[in-house]
1. Please state the relative contact order of the chain as a whole percent: Cα pairs under 8 Å, 6+ residues apart?
2. What does the charge dipole of the chain about its Cα centre add up to, to the nearest 20 debye, if the Cβ of each Lys and Arg holds +1 and the Cβ of each Asp and Glu holds -1?
3. Can you compute the radius of gyration and Dmax for the stretch 69-197, using only the Cα atoms, both in Å?
4. Got the relative contact order for the stretch 116-192 handy, in percent, Cα pairs under 8 Å and 6 or more residues apart?
5. Ranking request for peptides 8-14, 23-29, 188-194: highest mean number of other beta-carbon atoms within 10 Å first, then the rest in descending order.
6. Restricting to Cα pairs below 8 Å that are 6+ residues apart, what does the relative contact order work out to for the stretch 1-114? Please round to a whole percent.
7. Averaged per residue, what accessible surface does the chain expose to a 1.4 Å probe, in Å²?
8. Return the lysines within reach of residue 146: Cα separation strictly under 30 angstrom, same-chain partners fewer than 8 residues apart disregarded; answer none if there are no such residues.
Amino acid sequence: MIEIQNLTKRFTTQSGTVVALEDISLTIRDGDIFGIIGMSGAGKSTLVRCINMLERPDEGLVAVNGREMQTLSPAELRSARREIAMIFQQFNLLMQRNCLKNVCFPLELAGRPKAEAEARARQLLELVGLPDKAEAYPAQLSGGQKQRIAIARALATDPKVLLCDEATSALDPNTTHSILQLIKQINRELGITVVVITHQMSVVEEICNRVAILDGGHVVEQGDVGQIFSNP
Ligand code: ADP
Ligand code: ADP
């Protein structure tokens, strides 16, 4: 479970202080596919980056599976981050490494033996439907394929949570659909809790069971997708 209580995050810029998030409280339950929807600048990215402490909150609490993230030592935070994977709009693959080596990367960082890491990476390439792309380089892949490789890499350390930051925003509608279906499969079959940031209602409607609407750094509504977006 991810518990966010009274979270506030400000940025200091040359032109003054920006309040990116103000007094946000949210609960994301185990097994949820939780959507965070809002316009550009609403604070979605900052909120999700506060879950794994890529951004440090100024006030409030973030607890992931009972662990208060702000209180962790650097070593504890590294270990906690292995349980909280992330994928991005621009995939963030390592262009100088082939797909197998991209998927191995987090396992290498975690100090796993090479043979074990490669065996695990091949299983994951199978899971995302690209077993034949192990030796290919990211530049040789389509956008949808790149995101599949990024998903395989995100799953390498057996995370409990997958954070998706506009993960389908660079993809065409058909590819978006296939990636959303893969995310749904991962949630269902691997029991991974998923947080989906998007500016597209269609993404929330396709895969989320719960949703929070963010506007100007505030949660204006949260609850079951069926209730919030029900058409009277
Ligand atoms: P979203 O993901 O919904 O587009 P963001 O979380 O990226 O929104 O941004 C929320 C607000 O915080 C925006 O006003 C943005 O300009 C500001 N912001 C985000 N990151 C920074 C930063 N590193 N420095 C200054 N302002 C930032
Ligand atoms: P996906 O649905 O996974 O995005 P596509 O149907 O778009 O896949 O792509 C099919 C094939 O075309 C892929 O095998 C890929 O190698 C190639 N391809 C597509 N887009 C690109 C691109 N931008 N650069 C290189 N190859 C591409």
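1. Numbers: 442 pairs, mean separation 65.1, N = 232.
It rounds to 28 percent for the chain.
2. Values: 24 positive and 27 negative charges, 165 e Å.
Taking the Cα centre of the chain as origin, the dipole is about 800 debye.
3. Cα radius of gyration and Dmax of the stretch 69-197 are 14.2, 43 Å respectively.
4. Values: 47 pairs, mean separation 22.9, N = 77.
About 30 percent, as a whole number.
5. Values: 8-14: 12.3, 23-29: 17.3, 188-194: 15.4.
Top of the packing list down: 23-29, 188-194, 8-14.
6. Values: 127 pairs, mean separation 28.1, N = 114.
Relative contact order, the stretch 1-114: 25 percent.
7. Details: 11000 Å² over 232 residues.
Result: 47 Å² per residue.
8. Reachable lysines: 44, 101, 114, 133, 160, 184.
The values are calculated or read from the model by the stated rules, or taken from the named source; none is laboratory data. Quantities reported herein were computed from a predicted structural model and do not represent experimental measurements. So basically every Cβ, Gly included, is an ideal-geometry build from the backbone, and we count neighbours across all protein chains shown. Heads up: the accessible areas ignore ligands, DNA and RNA and are worked out on the full protein's heavy atoms, side chains in. Shrake-Rupley method; radii C 1.70, N 1.55, O 1.52, S 1.80 Å.
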